[in-house]
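See structure below.
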Amino acid sequence: MALTGVIATGIITYGVNEPIIYLGNIYNETANLGLKPNDPELVWFTIGRCFYNWTFFPYAMYCISGILAAYLYFNEKKPLTVTATLEPLFGQKVHSFTWLIDNLSLLAIVLGLASSLGAGLALIGSGVETAWGIKQSPMVWFVIASITTALFTVASYLGIDKGIKKLADFNSKIFFTLLFLLIIIGPTLYILRTSVVSIGYWLQHFWIWAFDPGDVGGDALVKWWTLYDWAIWIAYAPLMGLFLAMISYGRTIREFMIVNWILPCVFGLVWFGVWGSTAISWQLAGKVDIIAAIKASGAVAGLWVFLEAMPLGNLLVPVVMVTLMLSFATAADVMTTTIASICTKDLAHGEEPPAWQKILWGVSIGAIAFFMVAFAGGEQGVDGVKFLAAAGGAMVLFIFVLQVISAFKVFFCDKAAD
């Protein structure tokens, strides 16, 4: 649940597309960097930048919120709410603002989930067009949104043990199967060499990237990719932290960090290293033209051309479509349950919130995602989705910053004083 509930559709959507977009400078992402198309450094940059965007920084956001909520709830007997995580800074008086803090966190996660679902709808829609020639349209997106929304709403309705846990377990097996297949099918030595060098490239440029407001990388790279990716994670963080706290009873702090930070980050490194390196190798070798597919059909379309170039590609395309639906459903049922829990007064640990709450929030998230994809696609096909993510992240950015300060106070200042 910690792995698949956090990932949503992100790594499938961008495991191939994001590295190729950087490689082809499709939306001017690398225009400021002076890297030429045939320059080996461009390959190291593309994979290294994906490592930077998708691994240790983002997962740390969830862990800070989650470990703070878990410690205060289980050890200090505080309420399992976002507001309670700020009590170490402001005392009991912070609960006077519960209506503001929890509601902003709730709205942010709804927008973040809708953003993730929107990206998934755009991706699946482009896959349907590529595989079966059915043009993308509001009706196609509506059908996909309805199926996915029903899937995660039912899983949330069944509860953590009967619904979420089983869905997450099945989804994780598909992830590992796809990863294993690509390691065997793909250029294994190239994958290993490129991944290792890209980790070094990422670490070498760590501080420049971390403090770059756009002056070095440019707006197209920093604002439309890194900040978009992180805006979704920040939007998720306060409430995802509550869910990670809910399922972490009995773990030590060290175990919590290993399960919810280290292991998912390692998985992200392997995933982008394998998928991204294979896509780049095939693109440079002329086996498949993923860049042309993205230019023709939008930022998320390259995955399907890539899959069709694989052995049994016609079989893999529908498998990955199902995986996308399951990936989002796993994250969404987690958050739908958490949202419904926040909206239920005096809910005890281990007790499920009312079913009508889960259904209400599930349908609302699906509806928002559908309208943003259908009527606000933009140049990349997901422009409206990115604005949605930015809005969600902006709503809780100050709450997340306060949580970071609160965690530092609890685990360092207060512990030292004790």
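The table below gives the values:
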read-out: Computed over segment 189-315: relative contact order in percent, which uses C-alpha pairs under 8 Å that are six or more apart; value: 25 percent
read-out: Two-site label geometry, Asp414 and Asp215: point separation in nm, points 7 Å out along Cα→Cβ; value: 3.8 nm
read-out: Efficiency of FRET from Cβ geometry, Leu315 and Asn75, R₀ 51 Å, rounded to 0.05; value: 0.55
read-out: Inter-site label distance for Trp99 and Asp169 at 7 Å from Cα along Cβ, in nm; value: 4.4 nm
read-out: Calculated FRET efficiency for the pair Ser146/Glu41, C-beta based, R₀ 60 Å, to 0.05; value: 0.85
read-out: Cβ charges +1 (Lys, Arg) and -1 (Asp, Glu), total dipole of the chain, debye; value: 460 debye
read-out: Calculated FRET efficiency for the pair Phe398/Leu189, C-beta based, R₀ 60 Å, to 0.05; value: 0.80
read-out: All-pairs Cα distance distribution in segment 1-105, expressed in whole percent, bin size 10 Å; value: 12, 30, 21, 18, 15, 3
read-out: Phi to ³J(HN,Hα) by Karplus 6.51 cos²θ - 1.76 cosθ + 1.60 over segment 228-240, Hz, x for Gly, Pro; value: 5, 4, 6, 4, 5, 5, 5, 4, 6, 3, x, 7, 4
read-out: Relative contact order computed over the chain (Cα-Cα under 8 Å; 6+ residues apart), in percent; value: 37 percent
read-out: Along each principal axis, Cα extent of segment 4-417, largest first, Å; value: 62, 46, 36
read-out: Value at 222 nm in deg cm²/dmol, rounded to 500, when DSSP H runs of n ≥ 4 in the chain each add -39,500 (n - 2.57); value: -23000 deg cm²/dmol
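Computed from the coordinates by the stated procedures, all read-outs in this text should not be read as laboratory data. Because the structure is predicted, anything quoted here is derived from the model rather than measured. Every residue, glycine among them, receives a Cβ derived from its backbone with ideal geometry; neighbour counts consider all protein chains shown.
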